[in-house]
Amino acid sequence: MATSNGQFLRIQPLPQSVNIINSAAKHNLREIQAEIGADSRIDPTRTHLNEILDGPNTAADVSALAKKLMLDAGITKLRKNACRGIEVIISLPTSHNCDKPLFFADSLKWANEYFKVPTLSAIVHHDESEPHIHVLLLPLVNGRMVGSEVMGDRKRLQALQTNFYEQVGARYGLTRPKAQPRLSAATRAKAASLILTTLQSNPDLMDGATIEQAMIDTLARHPEAMLKALNLDVPSPIKPKKSFVEIMTKPVKPEKPIGVKRSQKPIGVFPAAEIGNPLCSDRGSAESSSIEAAEGSVPAIDTASNVVPFNDYQRSRDSDQSSQQWDSDRGEFVSKPDPSKPSVRAGAQREVDRMLKRIV
């Protein structure tokens, strides 16, 4: 957790869950057997060294205490996204020489005086790499659950760190760490690669307990501590490169259609009176036809292509067309000769044939 003699204090709202107080207390009181094992950071041989400085000694009683305090304040129901608890964690470096019991007692006293809300539980852990205290707070102020007010904004959190340093940390030889700049995902990836390369070329560095714990705790999410332990500089920020797909699918502002004046509308939104035959637009202006259709009139047929211009009227009349008039190549209804009626062209051809017979 902490490195060198740097002060380590973290405050966090508990996840929004009805039973979150019970779950947090179970972890702090070591009631979750699955957390204790060969792959765990918890050393079961030292768990008996843990100390309860405040609150009940079972998670069920801690949860019951929180419910009682809320009921006494007249709170019987909370909204789903309400903050039900706040946890303060204060840690000491492993190699730091000080009166640890007195330090944690003073840390708990500071938390009670600074936040001025009920303390549900305060437990010191000695069974992990660094001794630390968990303080569970109930964000109950003047009969209201106000987790956001207790946590405060960024400015309040900075003031909190300063206040703890002045009241407790400085008296025990801790230093006030400077705020670390937040690294981008690309920079974190480069930093992790740099750390791994350094360790591969200098494997003896892994024998140090501080380096090993720093890697376990922070390498995946926060490589800053490992960089400091290896005396490596933070890599310069890397501007992430966008992929071809991200570039091509980036939202852009709609462009003005080419050749369209401000007084005109883009293609596809001309009024019905200006719609021409869409299938004959490449015939030239002399052969292009337009519809001078007034409201309620029937659109004219383009005699050059035998196509009824497609507009709202045509859309409403498609269902009335004969299936023999459907042109699958064009994907619309067209005017085709009715085979049940005599063709004008066929009649004219018969008349020509009769005239030729007379001449012969």
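Since every read-out is calculated from the coordinates, none of them should be taken as a lab result. The shown structure was predicted, so the numbers you read here are calculated from the model rather than taken from an experiment. No Cβ is skipped: glycine too gets one built from the backbone with ideal geometry, and neighbour counts run over all protein chains shown.
The figures follow:
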item	result
The range 242-251 - phi-based ³J(HN,Hα) in whole Hz, Karplus 6.51/-1.76/1.60, Gly and Pro as x	8, 6, 4, 5, 5, 5, 6, 9, 5, x
Per-residue Cβ neighbour rank within 10 angstrom, fewest leading, 43, 99, 127	99, 43, 127
Sorted by Cβ density within 10 Å, fewest first, the residues 83, 98	98, 83
The range 8-179: relative contact order in percent, alpha carbon pairs under 8 Å with at least 6 residues between	29
